[in-house]
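Read the figures in this text as sums done on the coordinates, not as results from a lab. No experiment lies behind these values; they were computed from the predicted model shown. Glycine gets a Cβ as well: all are built from the backbone with ideal geometry, and neighbour counts include every protein chain shown.
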Amino acid sequence: METIRKCLECGEVLHGRSDQKYCNDQCRNTFNNRLSGETNNHIRRINRILKRNQSLLSVLNTKGRTTVKRDELLKKEFDFNYFTNLITTRYGRVYYFCYDQGYSPIDGKKVLLIYKEMNKEK
């Protein structure tokens, strides 16, 4: 006796290959988009913030090393809560990076911006 196979998305009876899971491409896409939608949306939102932060630092740091007011970054919607990595120097200074652009708080009002060339793969 053959078992009745149904589409994982719409429940329609499947005909054809024994390993078929969906009745068509639309059902397959809908199922997979729904499955990963929330996670992907959260990641997309964070990536947008990181890209905006990197872009702002890049525009303000044209010389490779400069100082700006913290308020100037905040006015341009820079989000200090998001960064890709941080480096602590042997002297204890902490640099927060958004990809290749970094910053370090100098005091409560100023921020030192730096550029770090990314390692190129061979």
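Observations on the structure shown:
- GluC sites (Glu not before Pro) restricted to the range 66-122 and DSSP loop, no more than 15 other C-beta within 10 Å: Glu77, Glu117, Glu121
- Based on the reciprocal of the average 1/r between different C-alpha atoms, the Kirkwood radius for the range 25-115 equals 14.7 Å.
- Reachable lysines from Lys6, criterion Cα separation under 28 angstrom, eight or more residues apart if same chain: Lys21
- Whole-number percent relative contact order across the range 25-115, with pairs defined as alpha carbons under 8 Å at least 6 apart: 29
- Only Cα pairs under 8 Å and 6+ residues apart enter the sum, and on that basis the relative contact order of the range 64-106 stands at 24 percent.
- Sorted ascending by nearby beta carbons within 10 Å, beginning with the fewest, Cys10, Cys27, Cys98 become Cys10, Cys27, Cys98.
- Sequence-distant lysines (8 or more away, or on other chains) whose Cα lies within less than 20 Å of Lys116: Lys51, Lys63
- Taking the fewest neighbouring Cβ atoms within 10 Å as the starting point, the ordered list for Ile114, Ile43 is Ile43, Ile114.
- Likely footprinting exposure, Asp79, Asp107, fewest C-beta neighbours within 10 Å first: Asp107, Asp79
- Within the range 89-118, the trypsin sites (Lys or Arg not before Pro) that combine a DSSP coil assignment with at most 16 other C-beta atoms in a 10 angstrom radius are Arg90, Arg93, Lys109, Lys116.
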